[in-house]
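Novice: First, the structure itself, so that you have it in front of you.
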Amino acid sequence: MTTPKRDTYTPDSLLQVAVQVFNERGYDGTSMEHLAKAAGISKSSIYHHVSGKEELLRRAVSRALEGLFGILDEPPAKEGGAAGRLEYVVRRMVEVLIAELPYVTLLLRVRGNTGTERWALERRREFDHRVADLLKNAAAEGDVRGDVEVRLATRLVFGMINSIVEWYRPDGGTGARREIADAVVKLVLTGLRG
């Protein structure tokens, strides 16, 4: 008598597979069949772990958002002058993006087609506003230049950081995490302190 194949997937390992497939095919272009095939399990086995693909999406973007919002709760992001806090937040944003690369990549690709995507976009905007407020405070304290509109400067900073998902590959010769974070901080703050 043969033993039935044991489902070795956990919710976390299934989430890793789902994020990879979502990033390759796009969320809208991914079916439960695609996920089952990539995981090497049946669709019913997936439903043993989650209610559906939108739950997987919510878990994935939540992981990215928790990493980003967690930065704002770290003591160096809350204490001292605004420019020092801004420098810390920019550095940590790069570090979180690299550490959670597939999850942040997915977060940056959501378009608002589902309830989960709309929720994720709203949370991203909230994070962006909190970083913009930090930049505004640094300008008010005279630590960064005041001749660049805060919303524009914030978009440019986020654009630089978010572009990392397009070219960074772990162990791909694109630079060490610390090296990338140092370069971004130097470019951002040199430009802002002009």
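Since every read-out is calculated from the coordinates, none of them should be taken as a lab result. Because the structure is a prediction, the values reported are computed rather than measured. A quick note on method: Cβ atoms are made from the backbone with ideal geometry, for glycine too, and the neighbour counts reach across all protein chains shown.
Novice: Would you please classify the overall shape of region 61-193 from the alpha carbon gyration tensor, given that a ≥ b ≥ c denote the square roots of the eigenvalues, rounded means a/c under 1.5, and beyond that prolate means a/b larger than b/c while oblate covers the rest?
Specialist: Verdict is oblate for region 61-193.
Novice: Shifting gears a bit: Check the straight Cα-Cα distances from Lys78 and name the lysines below 20 Å, setting aside those fewer than 8 residues away within the same chain.
Specialist: Lys136
Novice: For Arg151 and Glu126, what does the FRET efficiency come to when R0 = 22 Å and r is the distance between their Cβ atoms, rounded to the nearest 0.05?
Specialist: Once rounded, the FRET efficiency stands at 0.90.
Novice: Okay, next question. For the chain, what's the relative contact order in percent, using C-alpha pairs closer than 8 Å and at least 6 residues apart?
Specialist: Value for the chain: 21 percent.
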